[in-house]
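Written below as structure tokens is the structure these notes are about.
The values are calculated or read from the model by the stated rules, or taken from the named source; none is laboratory data. Everything numeric in this text was worked out from a predicted model, so none of it was measured. Positions of Cβ are backbone-derived with ideal geometry, glycine not excepted, and every protein chain shown enters the neighbour counts. Surface areas here come from the heavy atoms of the whole protein model, side chains and all, with no ligands, DNA or RNA. Shrake-Rupley method; radii C 1.70, N 1.55, O 1.52, S 1.80 Å.
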Amino acid sequence: MASFFACKIALPKLFLALCLFQTASATRRLAELVQDQSPPMLYHNGPLLSGKISVNLIWYGSFKPSQRTIISDFVTSLSSNPSLAQAPPSVSQWWKTVDKYYQLSSSKTRKASLTLSLGRQVLDESYSLGKSLTSKHLVELASRGKQLNAVNVVLTSSDVAVEGFCMSRCGSHDSVVSSVKVKGRSSRFAYIWVGNSETQCPGQCAWPFHQPLYGPQSPPLVAPNGDVGVDGMVINLAGLLAGTATNPFSNGYYQDEAGAALEAASACTGIYANGAYAGYAGNLLVDPATGASYNAHGVHGRKYLVPALYDPSTSSCSTLV
């Protein structure tokens, strides 16, 4: 599974990357990269997410309408539809690095492609499962969304505790057997969970919009949408979507061992722009009106910070700026 963070440079020799809580379930932990280039992102012959896929958002807990709009606009921004104009550098341009995984996969899947679109949104503002959730609860919530040709994203509000949240992960992605059969056979659907860390662990899961809990201390950046928790959720969701697309069933693209795999975004944790190093996100764009830092434009004039993605054609981390 995956975690997040980015840069458009081949990793320099003896480069120390700060990776907080980075495990198979999108966690971030400290990791050291000591090679001229990252290890190759190996393809393990499993299917990639392909076709027309709806991203369904399942909101659990208390979210303001403005917070829901920030994330739903981000999902919409992933589309390269010409009618959804985005100024460069854009979220849709960032997502094109994911397309390279499809181009380099085996001949059996080479012609496959992926188109994401915003699907249904489900609201559970009554905390129907309580305010302390287990991984089993996340599966239950994810199952409330459409299960065919879909990725269901569970988003938990800042007052919801989730098993492993902050201690070992900021979010996760996985798959589960669907209740919907395809041609009489059981199938699986992919799901993602991301938590709002604003009050629980912003230094771990919303960096660089909050001072980090560990490592070099520098002033936090201004969040592009004015919401530290939700702008942090966008970073984590972006990385998990990339991991879900390229490794949806744990046998797609990843580095290292399956139980502690680094995926398209988690292989580049802590990097967002050129010049990034431990504790420094890189030379980001800055909005002159608000002072907010970002690296991608989205729909409706939105600005976002998205993580670097591992480019399998260059074996290096790639960012937009």
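Quick notes on this one:
- Accessible surface of the range 225-300 [probe 1.4 Å, protein heavy atoms]: carbon and sulfur percent: 53
- Here, P(r) means the percent of Cα pairs in each 10 Å bin from 0 to the largest distance; for the range 260-321 it is 22, 48, 25, 5, 0.
- Straight-line cross-link reach from LYS303 at under 16 Å between alpha-carbon atoms covers these aspartates and glutamates, not counting any fewer than eight positions away in the same chain: ASP73, ASP227, ASP231, ASP287.
- Stretching ARG120 away from SER187 to a fully extended chain increases their span by 22.1 nm, per 0.36 nm per residue minus the current alpha-carbon distance.
- Amide hydrogen neighbours beyond the local backbone of ASN295, cut-off 5 Å, H modeled: TYR304, LEU305, VAL306
- Using a simple spin-label model with pseudo-atoms 7 Å out from Cα toward Cβ, THR199 and LYS96 lie 4.2 nm apart.
- Its relative contact order, with pairs defined as Cα atoms under 8 Å and 6+ residues apart, puts the range 182-273 at 22 percent.
- Members of LYS52/LYS136; LYS64/LYS131; LYS52/LYS131 lying beyond 24 Å, as alpha-carbon distances in this model show: LYS52/LYS136; LYS52/LYS131
- Each of SER128 and ASP256 was given a label point 7 Å from its Cα along the Cα-to-Cβ line. The distance between the two points is 3.7 nm.
- Spin-label model distance (nm) - LYS64 vs SER313, 7 Å beyond Cα toward Cβ: 4.1
- Under 5 Å from the amide H of VAL151 lie the amide H atoms of SER54, VAL55, ASN56, each residue being 5 or more positions distant or on a separate chain, with H modelled from the backbone and absent for Pro and chain starts.
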